[in-house]
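These notes concern the structure reproduced below.
Quick note: the coordinates plus some simple rules give every number you see, no bench work behind them. Just so you know, these numbers come straight off a predicted model, no measurement behind them. We place every Cβ from the backbone using ideal geometry, glycine too, and count neighbours over all the protein chains shown.
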Amino acid sequence: MAFWTLNKTRCNRIELSITKASVLRVLSFMLLFFGLVANAPVVAAGQERQKILPKSLKTTITGPNGETYFAIPRRIFLEYGMGSTKSDSNPFATVDIDVKRVTAGVDFVTSSLWFWGGSLNYIMTGDSGSSPFASSIETDKDIGGGSIYIARQIMPGLQAGVRGYYSYVDGKSVFNGANTVTEKSDLYGFNPYFKYMLFKKDALKITTGASLNVSFGDFDYVANIPPNSSTNSIVLRIPVTISKDFGEYFSASASATLNQEISRESFGNVPAPDETTMTLGAYGAFKLDNGASIYARASFDVFDSAYDSYRGTIGVSIPLLGAGR
């Protein structure tokens, strides 16, 4: 009996033929291209900042004519997050997922125009659900992975970039308290985006932009029929954010993001989210005297008849030696 079945739906406006290898080739090309053209120096040899920057924090970039520049680590950040996703539309195929996440990352600057960074994360999920094939499904997953990004300031107020990620999933599902299915899966994708400042006056800013979230999943199961499956999705996101600095130490923002699904191939026995939803979010940060900041953000989805989802994160950002505040 098949515990999982694949339901393929695709919008008529787009046709896909993308493999894991092609995604990795695209990401490799983007990173190579961005690294070669980043030719504006942040720290030239002999400048004062180089004397206080430890060798362990230096990354050398060689330009097309052999020039040596430095990529300076600007900050490290640590985050802890929690979230929940619950289905409320289908009594025969329910989802009730709780998520806990720990993330550590670093941001670099290669010039006043180029930025890049990366992060590692560990995620634990627990799901108490059901499907047409089982009245009870208890699933626990350990997920480890990372992401990298690179971005460029195109002009004042306009930034564009791309992010790529990969995660490895080690999971176990127990059906009806007896049958056990283990999972070894890969999740990966990329996310080109741009940000644009619509308005700025004193400490008030309004920004917008767009991103295309392209994601894939390769699932391998033991003691399941079929033994493997795959998913993919493309989602266009358009955010609008209002932010304001309240004095020297505190800043806050509120955002609304339109999520428009373009294409999806997913499991047929799991409720699919609505094609058009919205995410509302809030963010606040408090800066300490030493330049570090403590921040928190929260978001939840609306206009989704299939799921109720929310997320919350707290974190700390620490400036690195030689990078300034």
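A few comments on the model shown:
- Placing R0 at 22 angstrom, the Cβ-Cβ distance between Ala282 and Glu183 gives a FRET efficiency of 0.05 after rounding to 0.05.
- Subtracting the Cα-Cα distance of Ala160 and Arg237 from 0.36 nm times their residue separation leaves 26.3 nm of extension gain.
- Among the GluC sites (Glu not before Pro) found in the range 241-316, those both in a DSSP coil and sparsely packed, with 15 or fewer other Cβ atoms within 10 Å of their Cβ, are Glu248, Glu275.
- Using a cut-off of 22 Å between Cα atoms, the listed pairs Lys205/Lys287; Lys86/Lys244; Lys100/Lys287; Lys100/Lys141; Lys141/Lys195 include Lys86/Lys244; Lys100/Lys287; Lys141/Lys195 as exceeding that distance.
- The range 248-316: chymotrypsin sites (Phe, Trp or Tyr not before Pro) falling in loop per DSSP and having at most 11 other Cβ within 10 Å: Phe303
- Within straight-line cross-link reach of Lys184, aspartates and glutamates at Cα separation under 14 Å, skipping those fewer than 8 residues along the same chain: Asp140, Asp142, Asp170, Asp218, Asp220
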